[in-house]
């Protein structure tokens with residue numbers, strides 16, 4: 001490993017938790033807009049290294065202290081962190097300990113943030129409040145598309161039209177998919193509680209026809225409900241008629 005003193009920042013990759021309170025490290029350490037995160041030490045000694053006694057430079061080669069970042073996005077995936085929050089680029093400077101797959105730094109600050117569209121709340125009020133907590137960092141914000149990243153917010157310029165269009169498109173697709181999931185179709189399974197699993201033979205807005213153990217039943221459409229927890233259609237047995 002190398003220990004360097006950087007005046008110009010190194011750029012690494014890391015993951016954050018993002019909630020209504022803002023950005024946090026996965027261990028719960030808050031990141032504050034306009035203020036670099038400074039490394040602290042919890043005195044965990046690297047196996048095989050000599051003990052570090054008392055106050056020491058942060059980070060230290062014989063300790064695990066420092067603000068961590070991966071060398072690139074692929075290394076972040078290798079660590080298994082990519083799907084554990086929102087990820088992005090981070091500036092690292094001050095004393096920096098260089099490792100094979102990344103760094104431990106004395107100071108760090110977000111450079112850019114990458115969000116899956118599903119991480120953005122649906123209501124305008126919630127979306128505005130949550131995004132403000134990110135915009136305050138002055139970092140560019142991108143949406144993760146299927147094959148590329150789309151700029152969503154540019155520091156100093158505001159929302160990007162391409163990012164807004166992509167968010168609207170994904171929301172429309174989500175609602176269309178949800179509508180399909182909530183539409184009873186021929187071949188769907190319906191759990192007739194206490195009697196077994198029926199198969200929809202004929203979909204109807206008023207009284208669908210289902211087959212249960214060779215019996216043909218008519219069930220009022222209003223009595224067939226989607227159990228969100230079990231992700232299946234259900235109805236009470238006493239609501240079905242032969």
With an 8 Å cut-off on Cα pairs and a minimum separation of 6 or more residues, tell me the relative contact order of the chain in percent. 14 percent
Listed with the fewest Cβ neighbours within 10 Å leading, 112, 133 appear as 133, 112
Under a 10 Å cutoff between Cα atoms, tell me which one of 214, 145, 22 has the largest fluctuation in the Gaussian network model of the chain. 214
Which of 71, 104, 35, 232 has the fewest other C-beta atoms within 10 Å, and how do the rest follow up to the most? 35, 232, 71, 104
Rounded to 0.05, the calculated FRET efficiency for the beta carbons of residue 216 and residue 168 at R₀ = 41 Å is 0.40
Which of rounded, prolate, oblate describes the chain, given a ≥ b ≥ c as roots of the alpha-carbon gyration tensor eigenvalues and a/c under 1.5 marking rounded, otherwise prolate only if a/b is larger than b/c? prolate
Relative contact order, percent, the range 189-241 [alpha-carbon distance under 8 Å, six or more residues apart]: 35 percent
If the elastic network links every pair of Cα atoms under 10 Å, which of 73, 32, 193 fluctuates the most in the Gaussian network model of the chain? 193
For the chain, longest principal axis from Cα atoms; helix 124-135 axis from its Cα atoms; angle between them, nearest 10 degrees, is 20 degrees
If I take R0 = 51 Å and measure r between the Cβ atoms of residue 223 and residue 98 in this structure, what FRET efficiency does the formula 1/(1 + (r/R0)^6) give, to the nearest 0.05? 0.20
Of 146, 98, 29, how do they rank once you tally other Cβ atoms within 10 Å and put the fewest first? 146, 29, 98
Would you mind calculating the gained length between residue 126 and residue 159 on full extension (0.36 nm times residue separation, minus the Cα-Cα distance), in nm to one decimal? 10.2 nm
Which one of 185, 222, 154 has the biggest mean-square fluctuation once the chain is modelled by GNM with Cα springs under 10 Å? 222
For residue 61 and residue 175 in the same chain, what is the full-extension length gain: residue separation times 0.36 nm, less their Cα-Cα distance, in nm? 35.9 nm
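Read-outs: derived from the displayed coordinates by stated rules, not from any lab. These numbers were taken from a predicted model, which means no experiment stands behind them. Positions of Cβ are generated from backbone atoms using ideal geometry, with glycine treated the same way; all protein chains shown enter the neighbour counts.
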